[in-house]
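Reading through the structure tokens given below for one structure.
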Amino acid sequence: MKIGFLFPGQGSQKVGMGKDIYEEYENVRNIYSKVEKITGINVSEISFYGPEESLNETKNTQIAILTMSLAILDILKKENIYPEISAGLSLGEYTALINSNVISFEEGIKLVQKRGEFMQNLLPKGEWQMAAIMGMTEKKVDEVCKKVKSGFVKPANYNCKGQIAISGEKNAVLEAEQIAMEMGAKKVKVLKTAGPFHTEKLIESSKALKKELEKITIHKFNTRVIKNLDGDFYNNTDDIRKILENHIIKPVQFSKTIENMILNGIDTFIEIGPRKNFIWICKKNTNI
């Protein structure tokens, strides 16, 4: 068995997440306490009791998901469960980098706190939305976005074959939903996010994050991590600061990430985050 860890991103949050492990494990309580001291955010209160509107604020969502993911990782480490390769979707890539010791726990927490604040507060004016289109190829989704006349919308997350998230102005996303269904999409689902994430509309957030990235220390990898930008492995000669600067304005190549993990022998995937006990065992010759 070769294990791969997957860390989810924004949109996977739900009120009550992490409460069960917080009550059961002292080391989990310690992690929440450390994060709360670093950030000044009552992460446990927001995560366990909401309200949902507060948890769904980007500045809270990102730190809450990161904290829960790091807490689960600590439980797994005590059971001697480690990944051969890890990867995260958007925000989840930061969890993978902290887990690999490329970014320290404290600096990672501070960085994600700033990232969430920038992505919430430095948005251009307007109403923004993301939606997942299911049952269409990448080429078809590109065509859908190009057909939209009512505003800005682009593919943002290439999650897997047959599921691609689009991001943009609310009216444009709604028009894209209608066009996609007319062009044969199986389903379109609006996501619990509030910004044109992974598009050039977040350029101001990217510039602000660049300044924060200049403050951190980059260490060598102790586990292999695949990056969102191109679905390829990080290496110790990469300009990690530049990659993370571009991370929030470029599409997430998660489909390529999963394919690469399988090509490198990963046959068991464990998703570490708000979903409970999600383990995907990949059978040989499985179509992704």
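Each residue of region 117-132 in turn: what ³J(HN,Hα) in whole Hz from Karplus with 6.51, -1.76, 1.60 and θ = phi - 60°, glycine and Pro shown as x?
5, 5, 5, 8, 9, 10, 6, x, 4, x, 9, 10, 7, 10, 8, 9
Could you work out the relative contact order of the chain? I mean the mean sequence separation of Cα pairs under 8 Å and 6+ apart, divided by the number of residues, in percent.
24
Express in whole angstrom the spacing between the alpha-carbon centres of region 119-160 and region 195-250.
Here the two parts' Cα centres lie 21 Å apart.
Give me a comma-separated list of calculated 3J(HN,Hα) values for region 32-41, in order, Karplus coefficients 6.51, -1.76, 1.60 applied at θ = phi - 60°, integers in Hz, x for any Gly or Pro.
Couplings: 4, 4, 4, 5, 5, 5, 5, 9, x, 9 Hz.
All other residues with a Cβ under 11 Å from the Cβ of G126 taken together, and with Lys, Arg as +1 and Asp, Glu as -1, what is their net charge?
Net of charged neighbours comes to +1.
Please give the contour-minus-distance gain from I75 to Y25: 0.36 nm per residue of separation, less the Cα-Cα distance, rounded to one decimal in nm.
Extra length available between I75 and Y25 comes to 17.2 nm.
Quick check: from the Cα gyration tensor, does region 104-155 come out rounded (a/c under 1.5), prolate or oblate?
oblate
For G116, what is the net charge nearby, where nearby means another residue's Cβ is under 12 Å from its Cβ and Lys, Arg count +1, Asp, Glu -1?
+1
May I ask which of K140/K207; K19/K161; K140/K170; K14/K227; K77/K215; K59/K170 have a Cα-Cα span longer than 22 Å here? Don't skip to the end; give the middle numbers.
Details: K140/K207 32 Å; K19/K161 33 Å; K140/K170 20 Å; K14/K227 26 Å; K77/K215 29 Å; K59/K170 20 Å.
Over 22 Å apart, Cα to Cα: K140/K207; K19/K161; K14/K227; K77/K215.
Coordinate-derived values only; no laboratory data. Computed from a predicted structure; not experimentally measured. Every residue, glycine as well, gets a Cβ built from its backbone with ideal geometry; the counts of neighbours run over all protein chains shown.
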